[in-house]
Amino acid sequence: MFPPALIAEAAVNGLLAGAAYALVALGLTLVYGVLHIVNFAHGALLTCAMFAAWGLHAAFGLDPYLSIPPLAVAFFGLGYALQRWVIGPSSHGDDGNTLLVTLGLSIVLENALLAVFRSDTRSLGGDAGFDVVEVGPMLLSYPRLVGFAVALVTAALLWALLSATDTGRAIRAVAKEKLGAQLVGIDPRHVYAVTFGLGCACLAIAACLLLPTFYVNPRVGNAFVLVAFTIVVLGGMGSIPGALLGGLFVGVVESLGGLFLGDSLGQLGIFVIFILVLLFRPTGLFGPRA
Amino acid sequence: MSARDVLPGLMLLGLLALAPLVASNAALNFLLSSLIVALAAQGWNLLGGYAGQLSFGHAAFFGTGAYATAILQLRYGVNAWAGLAIGVALGALVGWAIGFLSFRARLRGSYFALVTLAFAEVLRILANAFDLTGGAAGLLIRMAPGAANLQFPSRATFLWLVLAVVAAVLLLTAWIAGGRLGARLVAVRENEDAARALGVDALRTKLGAIALSGAITAAAGCLYAQNFLYLDANIAYGTWISVEVLIACVLGGSGTVLGPVIGALALHGAGEAAKIALAGIAGPVPGIDLVLFGALLILAVAFLPQGVMGGLRRAARGLAR
């Protein structure tokens, strides 16, 4: 067996890694909660954001943490445009169609990146990704600590935006009662696009936080898609605190699973949780009962 | 089932059977892999097209068929034809099991799509990790040409075999579509609650659809294994096959008899053409065919509701007027 200190360290590191997962899941759950669609292109969009952050670093030497504001704005715009002019119109208001369109989008994005950048793996270079901070007896990864803090701040900002601003009120109105929102003069197409844009902005932030500890390649987003879906389902589709808690939980499960089962079977834990939750608690651990 | 439903399809397949007279070996190989995808797509069509349950994880059935054939031959010395039969049966069983778990839990729409994807991924990780399936190194089926081993020295014979299977499934699909089961499937697709109110046993109908669908797609997996004589977890249980069969159906026309076949041929034809066209300009570009696949999927959903077959039908109606 492993000494308790090692298990504790794995658990805490998992918790920190989970914050980045939570951020990816936050975007997904927001889009689901408002548009009631599952955005399959989420992983591919994350890959795009990671390539963008990597590109800014490679071209201008920009620190990924400093890329957060410009990339968040750029990806908000990208998400807005995608929902407003591609996903929305081509789905004809049918959920099955939306699923297919976002799947198509993910295939296009992922393989366009593959065609341009080939399947080579890229990283920031240097050893910044391995910096550690000593906390008591434990060694914690510095980039993950930053990620944890930024993820919490982002979640808090998002929550504040949804609960205290007019845009947030419009988003909640459309999510609850689309027709009613239309009657009071809210354009749901605009609100949908704004929501999708916010989801993509979360992704851009997550990408900048992940970059120091992850290699970038055109398929990197796939690793996060099912993890993010698992978190969203676990936390209850559309629930922001649920996504946060779910993300932290999945981070710990993955870290401990990797410790006990080895890396190749470690991923299995997440899928098994995903299937079990879908089958037995589709409203999530924290969501309302079915 | 009327002759009008199946005649164009059978004529098309008959025409393809003449290909070995004129086509090169490379062209035959291309046709073979397209037809194997077409067969897998015919399986998807029953569940996704007629019953309206979008699956993102048909690799689960494809891989089960492929691995069953390969493992039975390699580890247990079972004859390849028997391996094919057992693979198909296992495909049906896996389909039924996944269906039983997810339909009983009332998963629909996106939830169902996600859970099928997760099942396929679990199988992929398991196949990648265990010795029985050859782990990450994969499985190599021993080359032993001979009709008894389901391996043929000439590409033409194998092509005819695959064409025969595709034709058989075409007839089966037309027969189902024209019968009571087809009517129940469509009723469940259009409005499950209303179908139930009319006395349709929705659970049983969907279970039948997914078992049949799994069996057909598993058959495609078996034929894939016999054609290439090699497989690993990322081929057999990889997302590529789940995605290709789905796009082939949506593009060709999901819920139509001939749609999956037309879709698979068109999809692979377009992909090959794009690869060749770009290779002339910029050298080989990886992933370019898939970019096209994804774009075609979006365009088909946006502008061709019922795919190519629906478009043809509308055009024919327009001409008749």
* Filter the stretch A:192-223 for residues that are open to solvent by less than 10 Å² (accessible area, probe 1.4 Å) and either under 19 Å from A:Tyr32 (Cα atoms) or within 14 Å of another protein chain (Cβ to nearest Cβ) (or both) and give the result. => A:Ala193, A:Thr195, A:Phe196, A:Gly197, A:Gly199, A:Cys200, A:Cys202, A:Leu203, A:Ala204, A:Ala206, A:Pro218, A:Gly221
* Limited to the stretch B:186-245, what total is found for residues that are surrounded by fewer than 23 Cβ atoms within 10 Å (Cβ to Cβ) and among the aromatic types (Phe, Trp, Tyr)? -> 3
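Could you tell me whether the stretch B:229-251 includes any residue that is at pLDDT below 85, outside any helix (DSSP H, G or I) and out of contact with any Lys or Arg (no Cβ under 6 Å at 6 or more places or on another chain)?
At the first step, the residues of the stretch B:229-251 found to be at pLDDT below 85 are none.
Taking every residue of the stretch B:229-251 in turn, none turns out to be at pLDDT below 85, outside any helix (DSSP H, G or I) and out of contact with any Lys or Arg (no Cβ under 6 Å at 6 or more places or on another chain).
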* Asked: Which one of A:Leu109, A:Leu162 is in a helix (DSSP H, G or I), over 16 Å from the mean Cα position of the chain (by Cα), closer than 29 Å to A:Ile37 by Cβ and within 14 Å of chain B (Cβ to nearest Cβ)?
  -> A:Leu109
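For the stretch B:103-116, give me the residue count where each residue is within 7 Å of chain A (Cβ to nearest Cβ) and assigned to a helix (DSSP H, G or I). Explain how you work it out, then say what you get.
Step one: list which residues in the stretch B:103-116 are within 7 Å of chain A (Cβ to nearest Cβ), which gives B:105, B:107, B:109-111, B:113-115.
Restricting the remaining residues to those that are assigned to a helix (DSSP H, G or I) gives B:109-111, B:113-115.
Of the residues in the stretch B:103-116, 6 are within 7 Å of chain A (Cβ to nearest Cβ) and assigned to a helix (DSSP H, G or I).
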* Structure fact -> Sole miss for A:Val153 among (1) open to solvent by 50 Å² or more (accessible area, probe 1.4 Å); (2) in a helix (DSSP H, G or I); (3) at pLDDT below 90 is condition (3)
* **Matching residues, the stretch A:237-274, being under 20 Å from B:Leu117 (Cβ atoms), more than 10 Å from chain B (Cβ to nearest Cβ) and open to solvent by less than 10 Å² (accessible area, probe 1.4 Å)** => A:Ala243, A:Gly246, A:Gly247, A:Val250
* Structure fact -> Flagged pairs (Cβ under 9 angstrom, 6 or more apart or on separate chains; first in the stretch B:185-201, within 15 Å of B:Gly48 (Cα to Cα); second aromatic (Phe, Trp, Tyr) and surrounded by fewer than 12 Cβ atoms within 10 Å (Cβ to Cβ)) are none
* **Single unsatisfied condition, B:Ile36 versus (1) at pLDDT below 95; (2) closer than 27 Å to B:Ala136 by Cβ; (3) β-branched (Val, Ile, Thr)** => (1)
* To do: Would you point out which residue out of B:Ala177, B:Ala156 is open to solvent by 10 Å² or more (accessible area, probe 1.4 Å), more than 20 Å from B:Pro8 (Cα to Cα) and part of a helix (DSSP H, G or I)?
  => B:Ala156
* Restricting the stretch B:117-148 to residues that are in a loop (DSSP other than H, G, I, E, B) and without any contact (Cβ under 8 Å) to a residue 24 or more places away in the chain, which is nearest to A:Gly238 (Cα to Cα)? -> B:Phe130
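Restricting attention to the stretch B:264-288, and to residues there that are within 17 Å of the chain's Cα centre (by Cα) and closer than 16 Å to A:Asn111 by Cβ, which single residue is nearest to the other protein chains (Cβ to nearest Cβ)?
B:Leu267
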* Asked: Here are A:Gly236, A:Gly262, A:Gly257, A:Gly247: which of them is over 19 Å from A:Pro64 (Cα atoms), modelled with pLDDT of 85 or more and of a type in the set (Gly, Ala, Ser)?
  -> A:Gly247
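Here is a list: B:Ala295, B:Ala302, B:Ala320. Which entry is of a type outside the set (D, E, K, R) and more than 18 Å from A:Ser90 (Cα to Cα)? Steps first, please.
Working: B:Ala295 fails: more than 18 Å from A:Ser90 (Cα to Cα); B:Ala302 fails: more than 18 Å from A:Ser90 (Cα to Cα).
So the residue among B:Ala295, B:Ala302, B:Ala320 that is of a type outside the set (D, E, K, R) and more than 18 Å from A:Ser90 (Cα to Cα) is B:Ala320.
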* To do: Considering only residues that are open to solvent by 40 Å² or more (accessible area, probe 1.4 Å) and within 20 Å of the chain's Cα centre (by Cα), look in the stretch B:85-102 and name the one that is farthest from the other protein chains (Cβ to nearest Cβ).
  => B:Ala85
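Does the stretch B:289-300 contain at least one residue that is open to solvent by less than 50 Å² (accessible area, probe 1.4 Å), more than 10 Å from every other protein chain (Cβ to nearest Cβ), over 23 Å from A:Pro218 (Cβ atoms) and aliphatic (A, V, I, L, M)?
From the stretch B:289-300, those open to solvent by less than 50 Å² (accessible area, probe 1.4 Å) are B:289, B:291, B:293-298, B:300; that's our starting set.
Now drop any that are not more than 10 Å from every other protein chain (Cβ to nearest Cβ), which leaves none.
Checking the stretch B:289-300: not a single residue is open to solvent by less than 50 Å² (accessible area, probe 1.4 Å), more than 10 Å from every other protein chain (Cβ to nearest Cβ), over 23 Å from A:Pro218 (Cβ atoms) and aliphatic (A, V, I, L, M).
Would you call A:Thr102 of a type in the set (Ser, Thr, Tyr) and over 28 Å from A:His190 (Cβ atoms)? Step through it out loud before you land on a result.
On the way: of a type in the set (Ser, Thr, Tyr): yes; over 28 Å from A:His190 (Cβ atoms): no.
Against the criterion (of a type in the set (Ser, Thr, Tyr) and over 28 Å from A:His190 (Cβ atoms)), A:Thr102 does not qualify.
The values are calculated or read from the model by the stated rules, or taken from the named source; none is laboratory data. Please read all numbers here as calculations on a predicted model, not as lab measurements. Every residue, glycine as well, gets a Cβ built from its backbone with ideal geometry; the counts of neighbours run over all protein chains shown. The accessibility values were calculated without ligands, DNA or RNA, using every heavy atom of the protein model including side chains. Shrake-Rupley method; radii C 1.70, N 1.55, O 1.52, S 1.80 Å.
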